[in-house]
Every structure is written in structure tokens, then in C-alpha cells.
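First the structure, in the form of C-alpha cells, and then the observations on it.
The values are calculated or read from the model by the stated rules, or taken from the named source; none is laboratory data. As the structure is a computational prediction, the values presented were derived from the model and not from experiment. For neighbour counting, all protein chains shown are included, and Cβ atoms are generated from backbone atoms with ideal geometry for every residue, glycine included.
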Amino acid sequence: MSKLLQSQGPLLALLGLVLLFSVITDSFASWGNLGAVLEAAAIPAVVAIGLTFVLMQASIDLSVEGVASLANIILAITIANSVTATDIGLWAVPLVLGVGLAIGATSGAISIYVRMPSLIVTLGMWLTTVGLAALLYPGRLPQILDTRITGLAIGKVWGLSWIVYLTLALIIMALLVEKHTRFGRMCRAIGENEPVLVMSGIKVIRHKIAAFALAGGCYAAAGILMGARIGVGNTQSGVGLLFPSIAACVLGGTLLSGGHGGVRQSMIGVLILVTLRNGLIMVGVDPLLQSALEGAVIILAVAGSTWHLRRKIRVIK
Amino acid sequence: MTAFSLEGISKRFGEVTALDNVSLSLNEGEVLGLIGQNGSGKSTIMKVMAGLHRPDSGVVKVGGRAVQLRSPAEAALAGIGLVHQEQSLIQALSVAENLFLDKPAGSTWAGVYRWNSLRDRAKAQLDKVELDIDPFTPVSALSFGQRQMVELAKVLSLEELVHGHLVILFDEPTAVLNPPEIQALFGQIRRIKHRSSVVFVSHRMDEILDISDRVYVMSDGRNVATRDRDAVNPDELYELMVGRQRVNRKDRKPREAHIGAEPALTLNHVTVPGEIEDISLKLAPGEILGLIGVQGSGAETILRTVFGMADDWQGKIEYFGAPLDIDTPAQAVAKGIGYLPAERKTEGMIRNTSVSENVAITYGWQHGRGAGLISRAKERGMIEGWVRKLAIKTPSIAHRIDNLSGGNQQKVVLSKWLFGKTLKVLMLDHPTRGLDPGARSDLFAVIRELADQGLAILLVGDTLDEVLTLSDSIIVMKDGRVSARIEGVQAAPPSEEDLVKAMV
């Protein structure tokens, strides 16, 4: 039993939350609300996928909000829109994803070759990309006119938007990469014991840069989905993504010290966070009190899920 | 036929000569047992053979041909594999992935694992060492013995990659194993002899005599003897291992100890799972108790347990007659227990700060104005007093500690503890490690004087002569247990050979 609690603690916590809110409110347990939870979880989930690979390696990436905003602006001004005359059609999507990958790879390369902590590099990258997004902002809010993008949010199949299905597809791909590619397996190994890998002649640097690039690509994808949902290009569109995605990864059991967790765990973390937010609204908790409660629950949940590891973690940074 | 040889290998690390013109030859199908004390050069010689260290001079020959081993990968191509002490496995990955970690060819296709092929190949390797486990078990789920077998299987996969004769190096493989696991490992070593030569390092004499065809003794970075198994006389080996660590009788200044009647510190049946077992000892004010043992014998663990740094321990520790109930070093310090760690540079001193900062860090408040306010002037006076008393060579107490010599740094760290008004027990963990002979005898004098003033001192020594020169009584540790107790050391000193015999 205690073993089950250790390995599946976050999943049990999620089920517990669902059960709790289903009992104390009438409105939580409904198909409509389940859909709302999934819709709210989709974009943080895309971000959390990328972040998971970086965290497994015991690095961190804080540039989420900047990269997502920049991606969102580039999408809005290069696709059919209400402000600029440029329209490269759906080519805007690979362009934006490419930008995200390049930014991520740059962060990773700087961190490795200049030997800077990823925390500082990506903090700088966050501000740099926020600045670039502001520079590219065409002065007026560009409405995205291409319906192939906005349709992702509006068009629904079985009550869920295409955003949710695209996210699901991404999750499945990420799970496959994590489990079946050498890159995925090495991410975890790097977080656990990098010196051994170096001594074994493994090209650790390549795997590390790849993880940052993948993360950047995921943030850009989140920026595109954000554009689909809000229908405009906004320099603020990525704001608010950083905290829930890191918190979700850690809640799910992807420790910041690396080597643990994975995509599945991070996704459970996202669901816990979104369910909590949704449930608190349903219960009618004062919105001002909500974030305080959220923070407290996160600390409690992480303390609970890593309790059995606490002796192994000697230095807390 | 000679499978592998080292000729005139020397290796220096800065000031320290780790290997001094060492030669070794290994015949085909032979098990060579390598034995020596801590710091005798055993692990350096293994690392040279495995391609982890490059010698400063000398020749490495494989099958009679001179080669340069620039990396573990090159050593592997030459048929040389090092079986690590289980820490080279990645716990989060499966056994199969670990086996082929450094040789991925054939197990992946375009970066994607071919699980079936990987499983079959891993199974074949595991069969060799008769380990019947699912190749996809995560390493974290294995016992230490099983992990050691996986390490062995990882190295034995060289058999398919290299055509010639193999050289398999075992670096203290038995340290974490229990007796049946050790026997299983020995079975494997005997089995692989038909196409490999083996070098086997161990701290334990009985194991060396059990498995080796020849015994190779190291002392102070030199090969002092090589003996065939049939011609081995263990007593002679003990004598050879002592090497230069013999007490110079002239240096001995018998100290008239004034040992208190009531013990300051009493350990009753203290056990730290996996590290020390059933340790009992008594230490009185004014007494110097020396602990000695090979690396991993648990002597350091005793100090760390008393200092509140063990995660999990059983038994009873009494401090001046009352149970000592502490979980953290801060509580130990509050009771009057000090600890001088072995790793001076990382645990002892605070780098990039001044001498005075280092001295006052722990007990400065005791010389302040009370209520948490410190008094710089009073502190300064006290610190200068200690600098004079211990003869610390520093331009001023505001000087950065990093710029002092090792011996002076160690004295600064020591005065941190002496600064306290409440210190009653001082534990010294390898206090002379890395110090030159002059600094060592300075420190010896200080330690003696402290004991004369009534401090109870628990010492883990680096060398035999250190412990023999300083201690009033000696406890020898082996594999986490007490293997010998010697009282009245200053009056009737035991021989160095007796200590070594109890250690290995």
C-alpha cells in the first residue's frame, strides 16, 4: 500500500480531488465541466511536455512566457491578419515552431558552452524574447483572420476543440519519445548521473541541447494554440504560463533535481492544478483567496509526494 | 605468456607521487591480487590500466605491443575492462540499457530503441554471469550483489567486441557484497580465466589469498613484493604493507595523560545500517582515542553519527552520563562537541573569506555582548590569541584563508572549535591529510596540548604512525566492526604489523 502511495501518489491525489469536488458541488461532475477542465489543461500541458525533458536532465527553463508570446506575435503578423499585409498562410506554423526550436537550442548551447546555470540563461532569454515580441508588435492588436488557425478553438468534435486533440496527439508523441528513443532515455540518465555518461563516451551535450530545443518548440506550439484561442497576437499572451507548468511538473513527480518523473507524471500534475482551480471556482471560493489556496496546496502536495525521498535530497537549492 | 604489462610507470598529482616507477606483468589466465594500504597507489595503478589516467612516464604493453590508452573506450578496444564498484550504473534505466550504455550500436535504429534486439543481446550477457533477471528490470530494483554482476556482465560484453585476450580489472568489487555474493563473484572470476587475465583489488587479505594466483603488494606508490600464492606468508605481507608508516622511535614523546574518571562520551552497541555494526566505546576527558581502518571500514561514520549527521542509527550514545539525543550538527555543537572534517576544502573552511571569519563562524557569539550582538573588538583579540598560540602563519587575521598553506588552513579550522568556551569533545577526521611533515608535527603538538587541558579527543587517523604517536588507546575497525582494541598505547605500543593485520 505504501509502495502504491509512493509511485502513484499524484494520481491518487488527482482522483481524490475529483471525488471531493464531485461530492461537495453539483456542478463539478458534468460532461460540460469535464470539457472545460480539459480545455484549460491543454495549453499548460503543451508547455509542461517541453519542460519535462529539461527538468529530467536537472536543468530548468524559465523562458516559457517570453517564447510563447513571441511565437504568438510572429504567427499573428505573418499569417492573414488585420494589421500587416504579410500573409504566408500556414507556412507561419513551421516558421514559428522553428523560431521556438532555435531559441531553445540557443539557451541550451549558451548554458553548456559558456558554462552558465540554465536558470540564469533562460531568465535572460525570457526577457530577451519579451523584448523581441514588443519590438515586433505592429502598434495595433493584429486580429488573426486565417480561419484554419482560429478554427482550432472554435471547431468542436464531441464537445472538445481541436486544441485538445492536438495536445493529446503531442502527449502521445512525447510519451513515445520518452520511452522509446535513446534521447528520451538519456534525458533521465543525465539527470541522475551525468559524470558516468560522460565517462561512458556518450555525447551528453547533444542530448542537453536537444532537450532545450524541444522545450522551445513546445513553447512556440503553446503560442500558436494561444493565438488560436484568443484570435489575436498579443505581447502578453504567454503571461501566466510559467508558474502552472513548472508547478505541474513538480506536482506530478518530476523533481527539479532531475532523474525522476516524466511526461505522464507531468500531465497528471497539470490535471491536478487545473482541477483544483476549476473546483475552487465551483465551490465559490473568493477569487482573491484562490491563489493563496492553490499555492498552499502545491506545497503540501509536493511535500507529500516527495516525503519518501527527503533523506536522499541532502542539499536544497 | 604475458598478456599485459606495465614498465616503469610513474604518475604525479601536483606535489604527490602516486606511482613511482612501477612495473607489473600479468600472465594469460592469471588472477593477480593487488593489496596495499590507503594511498599506496592501488587505485591509481588500476586507473592507468583502464585508461582513466595517463602515466607521466613508462610504457603500457598489451600482448607485447606498446600502446597508449587515452580513454576508457581505447582501453576497451585493447580488451581491458574495469568493473566498477557498482556506481557506474544508472539506476533509473533498465539493466539492458545499462549493459549497452557505452556501446549503443545495434540496439537503436535512428535513435529509436529496438527493444527485441536489445533484450536478446542483454539476455545473452546476463546468462554469462548466471543472472536470471528480466533485462528490463530497472537497476534501482536490484540488490548490490546483482548490481555487481551487471557491472561484470557489462565488462564481459567485451568478449564479443574484442577478438584477443581480455584483461578484467576489479576495483574492490567485494566492498558492498555479503559472503554468498562474494563466493558467486569468485565463481565468475574462475570461470572467465580461460580467456582473460584478472587484476583483483581488495582491502581484505583473506579474499586476496582465496582468489589470487599471485599477490602484488604496494606501499607508498611502489611495488614492494610479488609472491606466488603457494609462497605467500601473510605476516610478511603485513610487514611489507606498513612501508614508510613506521613510527620513528625518536619522534615519540610519551605523554603523561591525565585521563578523567568519568567518560565524556560512551557509545553502546551503536549501529548504522550498512556502515557500522555494534560499536561500543568510551572516551574520557584528557584522553586521545585513535580509530583506524581501511577506507570504508566505518571509522568516519562513528564521528559523523556522534555529530548528528547519520540518517538512521540504533543503539545508545551517552554524553557525560546523560543520553545524547541529537539529529543535527547544530545540536551537537550546542552540547560542546566539535568535528574537524576530512575534506578541509569543502567541509572545513569557508573559502573566499578571511581567517577571522573562519575562526569566529561557530562560536563568535560566545564572545559577544549577549542578546545576539557580536563584538568585533573582543573577537579580534581572541582570534589573534589563537593565531599566536597555534603559530598560524598569516599576514593578518583579515587575510583570505585560501592563500594560507594547507597546514595553516587546518589550524584555522581547528581554532574554530577551540574558540568555543563550551567545547568538551573534539573529533578529528583525518586531521593531517594533505599536510607536509612539518605542519603535521605542529598539529600533533597542538592536539597533545589540547588533551592535556582536559579535552576528550576522538581521532580518525590517516596513517599508522599518526595514530600510534598520538593515541592513548586505539580501536581498529574492519568492515564496520571493531576488530581490535588496544589500551595503554603510549606505555606499551603495539607493532605496526599488528594493526595492519587487524585492518585487512
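Residue by residue, here is whether (1) among the hydrophobic types (A, V, I, L, M, F, W, C); (2) loosely packed, with under 14 Cβ neighbours inside 10 Å; (3) farther than 30 Å from B:L99 by Cβ; (4) within 14 Å of chain B (Cβ to nearest Cβ) holds:
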{"position": "A:T106", "(1), (2), (3), (4)": "no, no, yes, no"}
{"position": "A:Y137", "(1), (2), (3), (4)": "no, no, yes, no"}
{"position": "A:T147", "(1), (2), (3), (4)": "no, yes, yes, no"}
{"position": "A:G159", "(1), (2), (3), (4)": "no, yes, yes, no"}
{"position": "A:L175", "(1), (2), (3), (4)": "yes, no, no, yes"}
{"position": "A:I190", "(1), (2), (3), (4)": "yes, no, no, yes"}
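The set of residues in region B:279-327 that are within 14 Å of chain A (Cβ to nearest Cβ) and either out of contact with any Pro (no Cβ under 8 Å at 6 or more places or on another chain) or of a type in the set (A, V, I, L, M, F, W, C) (or both) comprises B:R304, B:M309, B:A310, B:D311, B:W313, B:D327. Scanning region B:309-333 for residues that are assigned to a loop (DSSP other than H, G, I, E, B) and among the acidic types (D, E) yields B:D311, B:D312, B:D325, B:D327.
Taking the criterion of being on the phi > 0 side of the Ramachandran plot and part of a loop (DSSP other than H, G, I, E, B), the only residue of region A:85-132 that qualifies is A:R115.
Out of B:E497, B:E449, B:E466, one residue alone is within 24 Å of B:D206 (Cβ to Cβ) and in a helix (DSSP H, G or I). It is B:E497.
Test B:D220 against the criterion of being without any contact (Cβ under 8 Å) to a residue 60 or more places away in the chain and either over 27 Å from B:N38 (Cβ atoms) or under 25 Å from the mean Cα position of the chain (by Cα) (or both), and give yes or no. When the stated conditions are applied, B:D220 does not pass them. Based on what the data block shows, is B:K421 at pLDDT below 80, over 30 Å from B:E262 (Cβ atoms) and surrounded by fewer than 17 Cβ atoms within 10 Å (Cβ to Cβ)? Criteria not met by B:K421.
Check every one of the helices (runs of 4 or more DSSP H) wholly within region A:133-243 and list those with 3 or more residues that are within 30 Å of B:Y113 (Cβ to Cβ) and not β-branched (V, I, T).
A:162-180, A:182-199, A:204-230
Which helices (runs of 4 or more DSSP H) does region B:70-165 wholly contain that include 1 or more residues that are at pLDDT below 80 and more than 14 Å from every other protein chain (Cβ to nearest Cβ)? Spell out the reasoning first.
Working: elements: B:72-77, B:95-99, B:115-128, B:144-156, B:158-161.
Once the helices (runs of 4 or more DSSP H) in region B:70-165 are filtered for at least 1 residues that are at pLDDT below 80 and more than 14 Å from every other protein chain (Cβ to nearest Cβ), what remains is B:144-156, B:158-161.
Within region B:320-346, the residues that satisfy the criterion of being without any contact (Cβ under 8 Å) to a residue 12 or more places away in the chain and either β-branched (V, I, T) or in contact with a strand residue (DSSP E or B) (Cβ under 9 Å, 6 or more places away or on another chain) (or both) are B:P323, B:D325, B:E343, B:T346.
Among the residues of region B:57-106, which ones are surrounded by 14 or more Cβ atoms within 10 Å (Cβ to Cβ), over 27 Å from B:L126 (Cβ atoms) and under 29 Å from the mean Cα position of the chain (by Cα)? Residues satisfying the conditions are B:G58, B:V59, B:V60, B:L69.
All conditions but one from (1) farther than 26 Å from B:G36 by Cβ; (2) surrounded by 14 or more Cβ atoms within 10 Å (Cβ to Cβ) apply to B:V155; the one that does not is (1). When you scan region B:38-47, do you find a residue that is closer than 30 Å to B:D498 by Cα, assigned to a loop (DSSP other than H, G, I, E, B) and within 14 Å of another protein chain (Cβ to nearest Cβ), even just one? Within region B:38-47, none of the residues are closer than 30 Å to B:D498 by Cα, assigned to a loop (DSSP other than H, G, I, E, B) and within 14 Å of another protein chain (Cβ to nearest Cβ). Of the residues making up region B:486-504, those that are closer than 28 Å to B:P173 by Cα and not small (G, A, S) are B:E496, B:E497, B:D498, B:L499, B:V500, B:K501, B:M503, B:V504.
For every residue, the table says whether it meets (1) within 14 Å of another protein chain (Cβ to nearest Cβ); (2) farther than 30 Å from B:R70 by Cα; (3) touching a residue at least 40 places away in the same chain (Cβ under 8 Å); (4) surrounded by fewer than 24 Cβ atoms within 10 Å (Cβ to Cβ).
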{"residue": "A:R206", "(1), (2), (3), (4)": "yes, no, no, yes"}
{"residue": "A:I224", "(1), (2), (3), (4)": "no, yes, yes, no"}
{"residue": "A:Q236", "(1), (2), (3), (4)": "no, yes, yes, yes"}
{"residue": "A:S245", "(1), (2), (3), (4)": "no, yes, yes, no"}
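Criterion applied to A:L38, A:L62, A:L90 was being touching a strand residue (DSSP E or B) at 6+ places or on another chain (Cβ under 7 Å), aliphatic (A, V, I, L, M), surrounded by fewer than 24 Cβ atoms within 10 Å (Cβ to Cβ) and modelled with pLDDT under 95, and the one residue passing it is A:L38.
When A:R185 is tested against (1) within 14 Å of chain B (Cβ to nearest Cβ); (2) basic (K, R); (3) surrounded by fewer than 19 Cβ atoms within 10 Å (Cβ to Cβ), only condition (3) is not met. Quick check on B:R255: is it modelled with pLDDT of 80 or more, basic (K, R) and either buried (at least 19 other Cβ atoms within 10 Å of the Cβ) or outside any strand (DSSP E or B) (or both)? Against the criterion (modelled with pLDDT of 80 or more, basic (K, R) and either buried (at least 19 other Cβ atoms within 10 Å of the Cβ) or outside any strand (DSSP E or B) (or both)), B:R255 does not qualify. Evaluation of B:S280 against the conditions (1) surrounded by fewer than 20 Cβ atoms within 10 Å (Cβ to Cβ); (2) modelled with pLDDT of 90 or more; (3) more than 19 Å from B:S471 (Cα to Cα) shows that the sole unmet condition is (3).
Here's the yes/no breakdown for (1) hydroxyl-bearing (S, T, Y); (2) more than 25 Å from A:P44 (Cβ to Cβ); (3) touching a strand residue (DSSP E or B) at 6+ places or on another chain (Cβ under 7 Å):
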residue	(1), (2), (3)
A:L168	no, no, no
A:T181	yes, no, yes
A:E192	no, yes, no
A:L197	no, yes, no
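Every test in (1) over 30 Å from B:P72 (Cα atoms); (2) away from chain B (no Cβ under 14 Å); (3) within 17 Å of the chain's Cα centre (by Cα) is passed by A:F212 save one, and that test is (1). The single condition among (1) touching a helix residue (DSSP H, G or I) at 6+ places or on another chain (Cβ under 9 Å); (2) at pLDDT below 90 that B:L291 does not meet is (2). Could you list all residues from region B:407-438 that are touching a Leu at 6+ places or on another chain (Cβ under 8 Å) and within 13 Å of B:V355 (Cα to Cα)? Within region B:407-438, B:Q410, B:K411, B:V412, B:V413, B:L414, B:S415 meet the criteria. When the test is whether a residue is within 30 Å of B:M1 (Cβ to Cβ), away from chain A (no Cβ under 14 Å) and either of a type outside the set (S, T, Y) or in a helix (DSSP H, G or I) (or both), B:G58 passes it.
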